[in-house]
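The values are calculated or read from the model by the stated rules, or taken from the named source; none is laboratory data. This structure is a prediction, so every number in the text was calculated from the model and none was measured. Cβ sites come from the backbone with ideal geometry, for glycine too, and all protein chains shown count toward neighbours.
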Amino acid sequence: MTGPKTSSCGATNPVLGTKTKIARDLSQLFVSFEVISLARFRAHVIIKRMVPETPDIHFDDDRFWSLNDDGTLVIGVGASGLEELGRLQSVKFPRVNQECGEGDILCTLLGDDGELQLVAPTSGVIDAINNAVMQDIEIVNDDPYSEGWLVRLTESS
């Protein structure tokens with residue numbers, strides 16, 4: 001009596017051949033997952049390296065940052081905010097010269113993975129919005145702590 005014939009993948013029956021294919025597919029899936037995880041890790045490390053080392057910058061749970069420039073706050077989204085959003089897709093900006101109170105919503109940021117609302121850290125008037133970001137949202141994704149600022153707010157006295 002002879003045993004079952006072996007297939008080209010080394011399987012001795014269709015069930016074992018299927019198990020071998022599933023194992024191969026799973027290993028490819030895990031390799032893909034590791035590549036994606038590594039890419040996200042590298043992006044996170046790159047963003048963290050971009051954080052300016054200055055005592056003048058203030059972080060709100062790492063999601064947003066502000067820099068006081070003689071009574072005018074320059075405000076933007078931080079590394080944790082970008083990580084939470086995924087890739088930033090759009091920003092709904094306030095109007096220039098608009099008055100706002102502490103805690104009022106200044107901007108709504110929409111990303112691949114969610115939405116964040118930037119709130120005013122203090123009362124004031126919107127002096128400027130970053131028009132460059134309105135033209136090219138990638139500026140925020142690429143350089144959130146410098147060219148990717150969002151709003152300039154002059155504090156009320």
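Residues being assigned to a strand (DSSP E or B), farther than 12 Å from ARG152 by Cβ and not charged (D, E, K, R): count how many of those fall in the range 72-99.
Total satisfying the criteria: 5.
Does THR122 meet the test of being modelled with pLDDT of 95 or more and assigned by TED's automatic domain parsing to the domain that holds ASP60?
Judged against the criteria, THR122 is not a match.
With the condition kept exactly as written, say whether any residue in the range 96-111 is within 22 Å of ILE57 (Cβ to Cβ) and acidic (Asp, Glu).
Within the range 96-111, one or more residues are within 22 Å of ILE57 (Cβ to Cβ) and acidic (Asp, Glu).
Those residues that are under 16 Å from GLY148 (Cα atoms) and touching a residue at least 60 places away in the same chain (Cβ under 8 Å), I need them from the range 92-129; list them, please.
Matches in the range 92-129: none.
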